[in-house]
Amino acid sequence: MAELKPCPFCGKREAYLARNCYGENYVRCPNCGAIVFGNDNESLTKKRAVELWNTREPKKEVVRSEWND
């Protein structure tokens with residue numbers, strides 16, 4: 001199984017693969033709470049959960065500016 005990539009939102013490498021009480025696999029970042037899990041029509045295998053986590057959009061730089069009225 002592939003290694004989990006850093007969180008696409010906060011960039012931390014603390015994400016983990018787990019299974020909930022219903023037996024559904026998911027990947028979650030404990031730092032910011034981002035999560036990947038299946039829906040009502042799809043229960044993810046461990047491999048698929050990791051694939052979805054690793055193919056998410058990478059973190060993008062946020063540009064802040066001041067508005068002048």
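Scalar couplings 3J(HN,Hα) for the stretch 23-34, obtained by applying the Karplus form with A = 6.51, B = -1.76, C = 1.60 to θ = phi - 60°, are x, 8, 7, 7, 10, 9, 9, x, 6, 10, x, 4 Hz; x denotes Gly and Pro. The modelled label-to-label distance for the pair residue 47/residue 14, using points 7 Å beyond Cα in the direction of Cβ, is 3.1 nm. The GluC sites (Glu not before Pro) of the stretch 1-30 meeting both criteria, a DSSP state outside H, G, I, E and B (loop) and at most 11 other C-beta atoms within 10 angstrom of the site's C-beta, are 3.
Of the solvent-accessible surface of the stretch 1-49, computed with a 1.4 Å probe over protein heavy atoms with every protein chain present, carbon and sulfur atoms account for 46 percent. Close amide H partners of residue 12, meaning residues 5 or more places away or on another chain with modelled amide H under 5 Å apart, are 7.
The values are calculated or read from the model by the stated rules, or taken from the named source; none is laboratory data. Everything quoted here is computed from the prediction, not taken from an experiment. Don't worry about glycine lacking a Cβ; one is built from the backbone with ideal geometry, like all the others, and counts go over all protein chains shown. These accessible areas exclude ligands, DNA and RNA; they are computed on the full protein's heavy atoms, side chains included. Shrake-Rupley method; radii C 1.70, N 1.55, O 1.52, S 1.80 Å.
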